[in-house]
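The values are calculated or read from the model by the stated rules, or taken from the named source; none is laboratory data. Source: prediction; values computed, not measured. Neighbour counts run over all protein chains shown; Cβ positions are idealised from the backbone, glycine included. Only protein heavy atoms, including side chains, enter the accessible area calculation; ligands, DNA and RNA are left aside. Shrake-Rupley method; radii C 1.70, N 1.55, O 1.52, S 1.80 Å.
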Amino acid sequence: MDNADTKRDMDDRTQLNDEELDALATDFIRTAIVEDIRSGRFGGRVHTRFPPEPNGYLHIGHAKALAIDAGIAQDFGGKFNLRFDDTNPVKEEEEYVDGIVNDVRWLGWDFGDEVLFASDYFEQMYAWAEQLIGDGYAYVDDLSPDEIREYRGTLTEPGKDSPYRDRSVEENLDLFRHMRAGEFPEGARVLRAKIDMASPNLNLRDPVMYRILHQSHHRQGDAWHIYPMYDWAHGLEDSIEGITHSLCDLGYRDHRPLYDWFLDRLGIYHPQQLEFARLNMTYTVLSKRKLLQLVQGGHVQGWDDPRMPTIAGMRRRGFPAEAINDFCDRIGVSTSNSIVDVALLEHCIRDHLNESTARVMAVLDPIKVVIDNYPEGQVEWMEAENHPQHPEMGTRMVPFSREVYIDREDFIEDPPRKYYRLAPGREVRLKSAYLVTYKDIVKDVDGSIVEVHCTYDPESRGGEAPDGRKVRGTLQWVSVAHALDADIRLYDRLFLAEDPEETGEEGGFLDNLNPDSLEIISTCKVEPSLEKAKPGDRYQFMRIGYFCTDPDTTKTADEAPVRLVFNRTIALRDTWAKIQTQRP
RNA sequence: UGGGGCGUGGCCAAGUGGUAAGGCAACGGACUUUGAAUCCGUGUAUCGCACGUUCGAAUCGUGCCGCCCCAGCCA
């Protein structure tokens, strides 16, 4: 242990009693951490990190990693770092770091208000590389990339030593310094760790530590001509920051011996790497490469397209951050490759939205209902509750008049069995208003319904008849004279196949795209209280689904929106639709 | 034909030698001024397979089968 570590021990020991520790051992990683705390390893500290490369946007798989990394730090009263693993200047962009920082904040994780960058440690890494060379553990190799691949051997055959493997320390040091100075072309030489060219673990066959890249770095500019490789850099970054548990996905399991090897050779503070399975989910793809293809191929409108599984996309879609985190907690942490049913995510979304969202009335496909016995020109403002289970969310006033819109689905001239909405001979309730009874319909020349005529029961104001008679159907409605127009975007799954990659073809997942994943409806009518809707506001459109106001909703100077645009976050569960598909 | 990881009901997932938690989904029913929500109920799970150890095995051993990852100067 070095001095810095000793100091950390005194400052950052977690304060948890036995009972609390037991309660935290909920999965194999947390169990390992609890053991480390009890044994005094790392001085009882817990310090994790999330190390994205800034070469794309975060998606729900990263939300899982964050929930594990940051969630553990939070639960154990430890620390958490957000660190950009920006060791490859050719792939990384500033745009992505801003996007990622924003996403991590939005998800609610506290990274101590300081964003860290691996590139800030380049100088220290370089010094350690010289130390390794000095100890005979690293050498400069002049082999070309092709030759290095040949010399590496195959899965079943051992590799063979590079002819440059036994250069003297002096020559290695000299060459390495000239590499740093930018005196060789890209690809001419690399620094390699001297481990074992016959190792059954290919990662240990003298891995490359530094490559020459005459590229400017988004933060370092042209200061460097050599850049560290992941395997060399990552453990050093963790060590420098005093990370205790370096959590990553199973793909890095085979890299752990390397992680340990470098730290041990250097003799510096040594965190524990642990691996967990990355997230896979039905009806979507979760790899940066494929997501990039969707964006660049114009299959979606950008990284924040509401159909994307990106954090930005889900945010725009209206998914609450807490619901996403809840999902991440509920899928568990294990080491088995699994594909989580997207229905669980949808359940979490509905669960949170049901609790938090105010109810309003909207009609997607309007059909006019005329209430023949209601006085022409009269308007009554009906009080409507904002949430049936949460009276503390208050009420709002909704205008009622002689002509209202209802949804075309809510009237059928010749209804099927068990249909209990409006139909000839039926009485239904207009939510929070009156009971109305069917009288007649008006059709146009092609026979399609233009108007439904009803009468209302003046005694049923508020929706309850004094004689106590029951009606089965309750419909949402919007007063024709007061209705606001709105565009509504209905989103469906981006892919038709549960596993979009099942085609086998490379890139074949695009064949499984759902051509109807976006439907825009511009005929919608919504209640006037929505005039004040701001981008990001979320509502339940009663009997339809959860919606949020899209940033495309623009405001005029006096704050009134020019055009309301709502995204359907997710539809309400629809038992009736299920009954219908079962018995057509 | 190397190395690593994994296989528990449709999907996740507890369980670590004492006789299979929980969630999602599905299916019934109750309630309902959202066919929502809520509530109640419903699953004989050959614990990948086969042998073995044991009074007793999802848990230990051996063998087999299947799936995933690794041969970037990407992370």
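Annotations for the structure displayed:
- Residues considered: A:ASP146, A:ASP120, A:ASP142, A:ASP110. Of these, the only one that is surrounded by 13 or more Cβ atoms within 10 Å (Cβ to Cβ) and farther than 30 Å from A:PHE84 by Cβ is A:ASP142.
- The set of residues in region A:322-357 that are small (Gly, Ala, Ser) and out of contact with any helix residue (DSSP H, G or I) (no Cβ under 6 Å at 6 or more places or on another chain) comprises A:GLY332, A:SER334, A:SER336, A:SER338, A:ALA343, A:SER356.
- Unmet criterion (only one of (1) at pLDDT 95 or above; (2) within 20 Å of the chain's Cα centre (by Cα)) for A:HIS482: (2)
- Count of region A:327-350 residues which are open to solvent by 70 Å² or more (accessible area, probe 1.4 Å), out of contact with any Leu (no Cβ under 8 Å at 6 or more places or on another chain), in a helix (DSSP H, G or I) and near RNA strand B (Cβ under 8 Å from one of its atoms): 1
- Pairs, first farther than 15 Å from A:ILE371 by Cβ in region A:469-489, second at pLDDT below 95 and within 16 Å of RNA strand B (Cβ to nearest atom), C-beta under 6 Å, six or more apart: A:ARG472/A:TYR420; A:GLY473/A:TYR420
- Among residues of region A:103-121 that are in contact (Cβ under 8 Å) with a residue 12 or more places away in the chain and under 19 Å from A:ALA65 (Cα atoms), those with a Cβ under 8 angstrom from a residue that is in a helix (DSSP H, G or I) and polar (S, T, N, Q), sequence gap 6+ or separate chain, pair up as A:LEU107/A:ASN325; A:GLY108/A:ASN325; A:TRP109/A:GLN74; A:ASP110/A:GLN74.
- Selection count where residues are within 40 Å of the chain's Cα centre (by Cα), within 16 Å of RNA strand B (Cβ to nearest atom) and not hydrophobic (A, V, I, L, M, F, W, C), scope region A:366-398: 12
- First in region A:145-157 and more than 14 Å from A:ASN203 (Cβ to Cβ), second anywhere and more than 7 Å from RNA strand B (Cβ to nearest atom), Cβ under 6 Å, 6 or more apart: A:TYR151/A:GLY159; A:TYR151/A:LYS160; A:TYR151/A:SER162
- Members of region A:170-222 found to be within 14 Å of RNA strand B (Cβ to nearest atom), farther than 21 Å from A:HIS234 by Cβ, touching a helix residue (DSSP H, G or I) at 6+ places or on another chain (Cβ under 8 Å) and not charged (D, E, K, R), listed by number: A:PHE184, A:GLY187, A:MET197
- All of A:HIS255, A:HIS214, A:HIS245, A:HIS178 fail the test of being under 16 Å from A:PRO89 (Cα atoms) and at pLDDT 95 or above, apart from A:HIS214.
- Selection count where residues are in contact with a strand residue (DSSP E or B) (Cβ under 6 Å, 6 or more places away or on another chain), open to solvent by less than 40 Å² (accessible area, probe 1.4 Å) and assigned to a helix (DSSP H, G or I), scope region A:249-299: 1
- Within region A:538-574, if we keep just the residues that are among the polar types (S, T, N, Q) and in a strand (DSSP E or B), the residue that is farthest from A:ALA312 (Cα to Cα) turns out to be A:GLN540.
- Members of region A:272-295 found to be among the polar types (S, T, N, Q) and over 25 Å from A:ARG49 (Cβ atoms), listed by number: A:THR282, A:THR284, A:GLN293
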